[in-house]
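Please treat every number below as a calculation from the coordinates, not as lab data. All values derive from a computational prediction rather than experimental measurement. Every residue, glycine as well, gets a Cβ built from its backbone with ideal geometry; the counts of neighbours run over all protein chains shown.
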């Protein structure tokens, strides 16, 4: 959802559902000052009243995340598709189309590692030979960032709770992207705020 993900940018979005919310759940977001085209955003949410499995499924429902008319409205994502694999298989590939000041589209390789007390979800740009097999004229790989890595760590908290840790690192050698670093970070923060807000609303009660 993004991820990440180009999924994290929302470079030019001036509107956000955040302004319509009366209350936001309690979570923390930190972003590092960009250096040589490298951007880092971290976030944490101490408790979601749902087990890690439900939270993990919500995070990886990428097809339900878009800028308008989806269950989870996030900036700039016109469309996200799960093309190969599934949550149950522990690996999937997604294709995302960004519609913003700078348009982009990209493939993401998603890995899900399930343990008794935690679940880790990793997202990154695919490499050959997977990328060569997956991309096509209909689904090109033309991302904002030449590297992009996202990690979600979901730790079990009794009873039926989850602690969430999130980290995103991305690098770009594109002049137009690095010309507006504050917009890049602001877009990334808006994206993860919307996703965390959605996750905080989950409940098994």
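What full-extension length gain, to one decimal in nm, is calculated for residue 42 and residue 182 as 0.36 nm per residue of separation minus the Cα-Cα distance?
48.8 nm
If you take the Cα Rg of the chain and divide it by 2.2 N^0.38 Å, with N the number of residues, what do you get? Don't skip to the end; give the middle numbers.
On the way: Rg = 16.0 Å, N = 205, 2.2 N^0.38 = 16.6 Å.
Dividing the Cα radius of gyration by 2.2 N^0.38 Å gives 0.96.
For the range 97-205, calculate the relative contact order in percent as a whole number, restricting contacts to Cα pairs under 8 Å that are 6 or more residues apart.
This gives 20 percent for the range 97-205.
Obtain the nm distance between the two label points defined at residue 127 and residue 101 by a simple spin-label model: each point lies 7 Å from its Cα along the Cα-to-C-beta direction.
Taking the simple label geometry, residue 127 and residue 101 are separated by 3.2 nm.
Relative contact order for the range 27-200: what percent, with Cα pairs under 8 Å and sequence separation of 6 or more? It would help to have the intermediate numbers written out before the result.
On the way: 355 pairs, mean separation 47.3, N = 174.
Reported as a whole number, the value is 27 percent.
Only helical DSSP H runs with n ≥ 4 go in: add -39500 (n - 2.57) per run for the chain, normalise by residue count and round the 222 nm mean residue ellipticity to 500 deg cm²/dmol.
-5000 deg cm²/dmol
By how many nm would the segment from residue 202 to residue 53 grow when fully extended, if each residue of separation counts as 0.36 nm and the alpha-carbon distance is taken off?
Length gained, residue 202 through residue 53: 52.5 nm.
Subtracting the Cα-Cα distance from 0.36 nm times the residue separation, let me have the gained length for residue 118 to residue 68 in nm, one decimal.
Residue separation times 0.36 nm, minus the Cα-Cα distance, leaves 14.8 nm.
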